[in-house]
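Everything below concerns the one structure shown next.
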Amino acid sequence: MTDHHTHVQEFFSARAADWDSRFPDDGPAYAAAVAELGLRVGDRVLDAGCGTGRALPPLRAAVGPSGVVLGADLTPAMLEAAVRAGRHRDGQLLLADVAALPLRSRSLDAVFGAGLISHLPRPAENLRELARVVRPGGVLALFHPIGRAALAARQGRQITPEDLRAEPNLRPLLAGSGWRMTSYADEDARFLALAVRED
């Protein structure tokens, strides 16, 4: 395990038990973002870096009982919190690194990543791994329940020009990783970038 993995696990392990109670009002934002994926009944979708699984219920609702919902996270404590919240009933939980997913190539229709990109150690390579497991024409959603400026203010920092989520940085990053950005929204109430898996 790399130092980066250890740091991520330590950061989220310390926060897992009260994660949902710290952000109790995010549910509608998750549901709205999932709706923009355009999932169909029977689709196969991954919540990459699923944390406590807050996206799993709307993902399950979108793909129905015949669909497949997976939630992958690197931190056991976050997956344990997802189970305590009952979200394991909406999707299969995997203790896995999104940089090396235990999934077949082109086996998914979509990937949902909430707060994911800022925790990727090698963003271009890691986004290529997400592209590997999605069929051509499949969709990626990079989401956060508040926008970049609001998040920076919450964390007591300034947005920098190097921020990967800035559109001028994110669009070419996605393009170089097998994705074509189709929409971008960075508002106080949410951040959502959608991309399509290229052939």
Worksheet, complete the sentence: When the charge dipole of the chain is computed with +1 at the Cβ of Lys and Arg and -1 at the Cβ of Asp and Glu, the Cα pointing farthest to the positive end, of VAL41, ALA193, LEU127, is that of VAL41
Item to complete: Would you compute, from DSSP H runs of 4+ residues alone, the mean residue ellipticity of the chain at 222 nm, taking -39500 (n - 2.57) per run and dividing by the full residue count, rounded to the nearest 500?
Response: -9000 deg cm²/dmol
Worksheet entry | Check: the chain dipole with +1 on Lys, Arg Cβ and -1 on Asp, Glu Cβ, in debye | 420
Worksheet entry | Simple spin-label estimate for ALA153 and VAL196 in nanometres, 7 Å along Cα-Cβ | 3.5
Worksheet item: Once you sort the root eigenvalues of the Cα gyration tensor of the stretch 54-108 as a ≥ b ≥ c, which label holds: rounded (a/c under 1.5), prolate (a/b larger than b/c) or oblate (the other case)?
Response: oblate
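So how much slack lies between GLU80 and ARG122, counting 0.36 nm per residue of separation and subtracting their Cα-Cα distance, in nm?
Extra length from GLU80 to ARG122 when fully extended: 12.5 nm.
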Discussion item. Taking the Cα centroid of the stretch 166-185 and of the stretch 96-131, what is the distance between the two, rounded to the nearest whole Å?
Written reply: 15
Practice prompt. Quote the FRET efficiency, to the nearest 0.05, computed for ALA35 versus ALA100 with a Förster distance R0 of 30 Å and r equal to the Cβ-Cβ distance.
Written response: 0.50
Practice prompt. Whole number in Å², please: accessible area per residue of the chain, 1.4 Å probe, ligands, DNA and RNA not counted.
Written response: 46
Worksheet item: Which option, (1) 13.6; (2) 10.1; (3) 13.0, is the value of mean projected area of the Cα convex hull in nm² that was calculated from these coordinates?
Response: (2)
Discussion item. When a/c reaches 1.5 or more, the comparison of a/b and b/c decides; with that in mind, is the stretch 120-180 rounded, prolate or oblate per its Cα gyration tensor?
Written reply: prolate
Discussion item. Give me the extension gain from ALA166 to ARG22: residue separation times 0.36 nm, minus the current Cα-Cα distance, reported in nm with one decimal.
Written reply: 49.3 nm
Worksheet entry | Loop sites in the stretch 37-128: trypsin sites (Lys or Arg not before Pro), DSSP, at most 15 other Cβ within 10 Å | ARG40, ARG104, ARG106
Worksheet item: Ordered by packing density, taken as the mean number of other Cβ atoms within 10 Å over each peptide's residues, highest first, how do 148-161, 168-181 rank?
Response: 168-181, 148-161
Item to complete: Determine the share of the stretch 53-181's accessible area contributed by carbon and sulfur atoms, expressed in whole percent, with a 1.4 angstrom probe.
Response: 54
Discussion item. Apply the a/c threshold of 1.5 to the C-alpha gyration tensor of the stretch 145-193 and tell me whether it is rounded, prolate or oblate.
Written reply: oblate
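The values are calculated or read from the model by the stated rules, or taken from the named source; none is laboratory data. Predicted, not measured: the structure shown is a model, and the values here were computed from it. Neighbour counts run over all protein chains shown; Cβ positions are idealised from the backbone, glycine included. Remember, those area values only see protein heavy atoms, side chains included, never the ligands or the DNA or RNA. Shrake-Rupley method; radii C 1.70, N 1.55, O 1.52, S 1.80 Å.
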